[in-house]
């Protein structure tokens, strides 16, 4: 299939999205916003998988299924992470990572 | 400029702008809505790559599931009209330096590498093929990861309920288990 767009453009877009997610992961101090940065990172990886699948190996389906499983893992990760965040909020009445330091030695 | 290229430019500008806004916005509910925009434009990219099934999964699971879950937890745990404190300049400067150098290195590598495509004919990806592959144990089948992911989803469901459940007042869950 020819979309008229070089493969590299998709990869560069996914790279930018990945590193924006990393920036958010490093600078944010709220647990929910950190979780949102992780979702950005996982999403950019999905774009990479699908682009490689479509452009380099169009007769196979590995990329499609791998990103399907990545989405499933991201969903379960978000569910468990939000359960943990709600539990933390109940105990500390805050979800700021700098205030949650009970297990710090 | 063809319509395809125009759509690609539109989607990529939306993705880049909204992902930067997601990680820099100082209001948490706005950040969640910007994340929703990023995920919807990613679904548009999947449509452009001709993976309709995955685009639908992206829309229903990410935009419909995960973002709603995140917004619910924001409403439960945060003051939504409260602004975050601005990030310290030292932290944001060094993070930006590291991130920009990493992105620069990756983009140089991508542009330098010569990708070679196969010459085999493209396979039409329809629902019939996806469903057959997901449960076939053969050469092009993915039944083992499918079963593993179902166990993972079950475990995540049970774990999320157990973690978020309210313990009985005065006595926590672990104490009542050990007695």
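Things worth noting here:
- Among A:93, A:15, A:33: highest mean-square fluctuation, GNM of chain A, C-alpha pairs under 10 Å: A:93
- With contributions of -39500 (n - 2.57) from each DSSP H run of at least four residues, the per-residue ellipticity at 222 nm computed over chain B stands at -22000 deg cm²/dmol.
- Among the residues of B:74-83, the average count of other protein chain beta-carbon atoms within 10 Å of the residue beta-carbon is 3.
- Take each residue of peptide B:149-160, count the partner chain Cβ atoms within 10 Å of its Cβ, and average: the result is 4.
- GNM result for chain B, Cα springs below 10 Å: residue of B:14, B:157, B:48 fluctuating most strongly: B:157
- The alpha carbon gyration tensor of region A:30-100 gives principal lengths a ≥ b ≥ c with a/c of 1.5 or higher and a/b greater than b/c, which makes the shape prolate.
- Burial ordering of B:19, B:114, B:25, fewest other beta-carbon atoms within 10 Å first: B:114, B:25, B:19
- Structural descriptor for region B:20-117: relative contact order 29 percent, calculated from alpha carbon pairs under 8 angstrom and at least 6 residues apart.
- Packing-based order for B:130-140, A:36-46, using average beta carbon neighbours within 10 Å, highest first: A:36-46, B:130-140
- Prolate/oblate/rounded call for the protein assembly as shown, Cα gyration tensor, a/c under 1.5 rounded: oblate
- Counting only other chain Cβ atoms within 10 Å of each residue's Cβ, the peptide B:40-49 averages 4.
- GNM flexibility winner over chain B from B:12, B:150, B:116 (Cα, springs under 10 Å): B:116
- Rounded if a/c under 1.5, otherwise prolate or oblate - chain B, Cα gyration tensor axes: oblate
- Among A:77-90, B:29-42, the order from most to least packed when residues are scored by Cβ within 10 Å on average: B:29-42, A:77-90
- The average projected area of region B:124-166, computed from the convex hull of its Cα atoms over all directions, is 3.8 nm².
All of the numbers you see were taken from the coordinates with simple rules; none came from a lab. Here the structure is a predicted model, which means the values were calculated and not measured. All Cβ positions, even for glycine, are placed from backbone atoms using ideal geometry, and neighbour counts span all protein chains on display.
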